[in-house]
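One structure is given here, and the rest of the page talks about it.
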Amino acid sequence: MKSGSNLEKILKAGHFAFTGEVGPPRGANVEALREKVSYLKGNVDMANITDNQTAMVRMSSWAASIICMQEGVEPNFQMVCRDRNRLAMQADILGAYAHGIRNMLCLSGDHQQFGDHPQSKGVFDLDSMQLIGMVKKMRDEGKFLGGADIDGPPELFIGAAANPFAEPFEWRVHRLAKKVAAGADFVQTQCVFNMERIRAWVAQANDMGLTDKVAILPGITPMKSVGMAKYMKNKVPGMDVPDEIIKRLQGVDKKNVADEGIKIACEQIEEFKEMKGVAGVHLMAIEWEHKVPEIAERAGVLPRPEV
C-alpha cells in the first residue's frame with residue numbers, strides 16, 4: 001500500500017520514526033496554531049492533530065491538519081467515535097483526503113463527561129475497531145460501509161491507539177491483535193512511564209508476530225513538574241506512573257525538575273531505539289511544543305531522514 005504518507009515511507013525505509021502532536025486551539029486563532037507547528041517542522045516525521053481532546057471543543061482536526069500541512073509538517077488527522085455517526089465520518093474522511101491528508105488515527109474518544117459539555121450526547125455509532133475497519137474498506141475495496149462504490153477511494157495510512165497499561169494486562173496484546181486484524185498500519189501507545197510493563201507488552205507482540213504486521217510507536221511525555229507526575233498517576237485513567245519516577249523528580253532541585261523530566265524521556269527513547277519490535281516513538285509534549293527541538297536534539301533523532 002502506497003498512501004503517499006511520509007510516515008509510511010520512513011517506516012518502510014527502516015528508519016526509527018519520530019512523531020509529534022499538536023492540540024488545535026480553543027478558537028479560530030490560526031496564528032497560535034501556526035506557532036505551535038513551527039516548533040515541530042524538521043524535527044518530527046508527522047504531527048498528530050487531536051480531535052476535541054478531553055471532550056473540549058477545539059478547532060476541527062481536519063481543518064487544523066490543513067494548516068499544519070501549510071506550515072510544512074505532515075499531519076496525522078485524528079478522528080474520535082464520540083462525535084459523529086458513520087455518515088459524517090465517511091464524509092470527513094473523503095474531505096480530509098481530498099485536501100491532501102494521508103494519515104489518520106482512529107480513536108474511541110474521551111467520554112463527554114470529562115469535558116466542558118458533559119450534557120452533550122455521545123454518538124459512538126461505531127467503536128474504534130469498526131472505524132479502523134471502515135477506513136480499510138474505503139481504502140482497499142473502494143466501498144462505503146453501506147456497500148456503494150467510492151469515486152476516488154481515500155488511500156490513507158491507518159493508525160490506531162493502544163494502552164498497554166490498562167487492566168487486565170494479559171488482554172492488552174489481544175486487543176492490539178484485533179486492531180491489527182481490523183486494518184491498523186501503525187499504533188501509537190498511551191504515554192509510557194512504566195518501562196517494565198511496556199517491555200513485557202512489546203515482547204508479547206513480538207511473540208505473536210504482530211510487530212511484523214504493524215509499526216509500534218510508544219508514547220513519550222516529558223514530565224514538567226512533580227505535580228504533573230502526581231496528577232497523571234492519580235487522576236488520569238489508564239495512566240501508569242511508577243513511584244520511582246515521582247521520587248526521581250522530587251530528588252532534584254525544583255528549578256531542574258523539567259530538565260530531569262526531559263532526561264527521563266530521552267533515556268526512554270534511547271531504550272526504544274534498541275528494542276526489538278519498536279518502530280519509533282510518538283512524542284506528546286503537551287502544550288510544550290517549544291521544547292520539541294531540544295528534546296529531538298537531546299534524544300539523538302536529528303536530522304530527520306528525507307524519504
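Out of curiosity, is Lys179 of a type in the set (Lys, Arg), modelled with pLDDT of 95 or more and assigned to a loop (DSSP other than H, G, I, E, B)? The answer is no for Lys179. Residues considered: Leu131, Leu145. Of these, the only one that is surrounded by 23 or more Cβ atoms within 10 Å (Cβ to Cβ) and either assigned to a loop (DSSP other than H, G, I, E, B) or free of Cβ contacts under 8 Å to residues at least 60 places away in the same chain (or both) is Leu131. Looking only at region 34-49, residues that are in contact (Cβ under 8 Å) with a residue 60 or more places away in the chain and part of a strand (DSSP E or B) come to 1 in all.
Here's the yes/no breakdown for (1) free of Cβ contacts under 8 Å to residues at least 24 places away in the same chain; (2) of a type outside the set (Asp, Glu); (3) touching a Ser or Thr at 6+ places or on another chain (Cβ under 7 Å):
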{"position": "Lys213", "(1), (2), (3)": "no, yes, no"}
{"position": "Pro218", "(1), (2), (3)": "no, yes, yes"}
{"position": "Pro222", "(1), (2), (3)": "no, yes, no"}
{"position": "Gly251", "(1), (2), (3)": "yes, yes, no"}
{"position": "Val257", "(1), (2), (3)": "no, yes, yes"}
{"position": "Glu274", "(1), (2), (3)": "yes, no, no"}
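Restricting attention to region 205-238, which residues are closer than 17 Å to Val187 by Cα and buried (at least 20 other Cβ atoms within 10 Å of the Cβ)? Ala205, Leu210, Thr211, Val214, Ala215, Ile216, Leu217, Pro218, Gly219, Ile220, Thr221, listed by residue number.
Across region 50-68, the qualifying residues are those that are farther than 28 Å from Ala299 by Cβ and touching a residue at least 40 places away in the same chain (Cβ under 8 Å), and the one among them that is surrounded by the most Cβ atoms within 10 Å (Cβ to Cβ) is Asn52. Give all pairs with beta carbons closer than 9 Å in which a residue from region 1-14 that is surrounded by fewer than 21 Cβ atoms within 10 Å (Cβ to Cβ) and part of a loop (DSSP other than H, G, I, E, B) meets a residue that is modelled with pLDDT of 95 or more and among the aromatic types (Phe, Trp, Tyr); count only pairs at least 6 apart in sequence or on separate chains. Final answer for the pair search is Met1/Phe157; Ser3/Phe157; Gly4/Phe157. Residue check, Lys235 against (1) under 20 Å from Glu289 (Cα atoms); (2) of a type in the set (Lys, Arg); (3) at pLDDT below 95, all met but one. Which one? Among (1) under 20 Å from Glu289 (Cα atoms); (2) of a type in the set (Lys, Arg); (3) at pLDDT below 95, Lys235 violates only (1).
The values are calculated or read from the model by the stated rules, or taken from the named source; none is laboratory data. Fair warning: this is a prediction, and the values are worked out from it, not measured in the lab. A quick note on method: Cβ atoms are made from the backbone with ideal geometry, for glycine too, and the neighbour counts reach across all protein chains shown.
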